[in-house]
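Presented below is the structure to which this report refers.
The values are calculated or read from the model by the stated rules, or taken from the named source; none is laboratory data. Note that the coordinates shown come from a computational prediction; the quantities given were computed from them, not determined experimentally. Cβ placement follows ideal geometry from the backbone for every residue including glycine, while neighbour counts extend to all protein chains displayed. Surface areas here come from the heavy atoms of the whole protein model, side chains and all, with no ligands, DNA or RNA. Shrake-Rupley method; radii C 1.70, N 1.55, O 1.52, S 1.80 Å.
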Amino acid sequence: EGAALVDAQKGALTPEDRAAWIGFYGREMTAVIDLDTATVLQQLSASFLQAHAENIALPDSVVYEVSQDGKTFHSVGVVGRSTGTGLLSQEYPLQLGGLVARYVRVRTQGQQNPEQKRWIYSDEIIVQ
């Protein structure tokens, strides 16, 4: 399931064509990508779906972290949500400018309310 987040397949907005989206219900998303070797990183980006009628919300922000050993991560940036209404897909891009790391961790923040659980849908994490 997690491999679908790095398969270069963008998800469609229509409900019947959402096979590329991965859903997380009632919790924040955390994904760790092992690049196999230390890699020069120029940009990180993750995309998320908003569909209020289906209880799918955008995260308030996305935290990007990197690690050399897969155990100790440090934050390299936080990207906030843009404003938008209705059905949409939003990218959360972060420019890095040549940072070197083997592992990338992507975490959502601020979307979940314990009294009103929602879905988070992500279709792709791009590491460049």
Next item on the list: Could you order peptides 88-94, 117-123, 72-78, 12-18 by the average number of other Cβ atoms within 10 Å of their residues, highest first?
Entry: 117-123, 88-94, 72-78, 12-18
Next item on the list: Could you compute the FRET efficiency for Val40 and Leu88, with r as their C-beta to C-beta distance and R0 at 30 Å, rounded to 0.05?
Entry: 0.40
Check: Debye sum, Cα scatterers, segment 15-88, no solvent: what log₁₀ I/I(0) at q = 0.12, 0.26, 0.27 1/Å?
Finding: -0.44, -1.38, -1.45
Check: Residues of the chain: accessible area per residue at 1.4 Å, in Å²?
Finding: 52 Å²
Check: For segment 13-56, rounded, prolate or oblate, judged on the Cα gyration tensor with a ≥ b ≥ c (square roots of eigenvalues), a/c < 1.5 rounded, else prolate if a/b > b/c?
Finding: prolate
Check: Just Thr83, Thr30, Thr108 to compare: in a GNM of the chain, with alpha carbon springs under 10 Å, which one fluctuates most?
Finding: Thr83
